[in-house]
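Have a look at the structure below before the remarks.
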Amino acid sequence: MNNLLDRQLAFLILRLALGLNMLMRALIRLPDAHGFATGMARGFEETILPTALVIPLAYAILLAELLIGILLILGWKTRAALFSMGILMLILAFGMLLRTEFGTVANILVYTLAVVLALFFREFNRWCLDKE
């Protein structure tokens, strides 16, 4: 029984850590969302991505981080939130690869691995609002 409880606690910590990370990234950037979006566009000027695509994507990233963070902290729609976070990590990795920021890509891959592990061990999601 303790082994099961340990796995449930481990999943709770992982879910909350991922959720807190996503939520805080969004909350810190939201007060200056326009500055974030234009700064992101400047960072991609030397890539193949057009500014007309980067700016809306920046706002979408903020919204995704906010929603994913809230869902993970609440433990509601956990599978969808984790899958969405995984897709977001792929999008971010693609962008950083275009900018040849390989160190940042390595960090993103660590987050991606955490998301994969959370999806794999989602059966231990005990303290949540999910009713699956």
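Each reported figure results from applying straightforward, stated rules to the coordinates on display, with no laboratory input. Just so we're clear, the structure is a prediction, and the values are computed from it rather than from any experiment. Because the Cβ atoms are built from the backbone with ideal geometry, glycine has one as well, and the counts that use them run over all protein chains shown.
Taking the average, over residues, of other Cβ atoms within 10 Å as the packing measure, peptides 38-48, 68-78 rank 68-78, 38-48 from highest down. Summing Cβ point charges (Lys, Arg +1; Asp, Glu -1) relative to the Cα centre of the range 87-132 gives a dipole of roughly 40 debye. Here the extension length gained between Glu45 and Glu123 equals 23.8 nm, from 0.36 nm per residue of separation less the Cα-Cα distance. Projected label points at Asn3 and Thr104, each 7 Å from Cα along the beta carbon direction, are separated by 4.3 nanometres.
Judged by the gyration tensor of its Cα atoms, with axes a ≥ b ≥ c, the range 50-132 is oblate; a/c meets the 1.5 cut and b/c is at least as large as a/b. Around the Cα centre of the chain, unit charges on the Cβ atoms of Lys, Arg, Asp and Glu (plus for the first two, minus for the last two) sum to a dipole of about 320 debye. Helical runs assigned H by DSSP (4 residues or longer) give the chain a calculated mean residue ellipticity at 222 nm of -27000 deg cm²/dmol, each run adding -39500 (n - 2.57) before division by the residue total.
What angle, in degrees between 0 and 90 and rounded to the nearest 10, separates the Cα long axis of helix 51-74 from the longest principal axis of the Cα atoms of the chain? Once rounded, the angle reads 20 degrees. Based on the Cβ-Cβ distance of His34 and Trp76, what FRET efficiency does E = 1/(1 + (r/R0)^6) give at R0 = 25 Å, to the nearest 0.05? Computed FRET efficiency for His34 and Trp76 comes out at 0.25.
Relative contact order (percent) for the range 9-124, with alpha-carbon contacts under 8 angstrom and 6 or more residues of separation? Answer for the range 9-124 is 31 percent.
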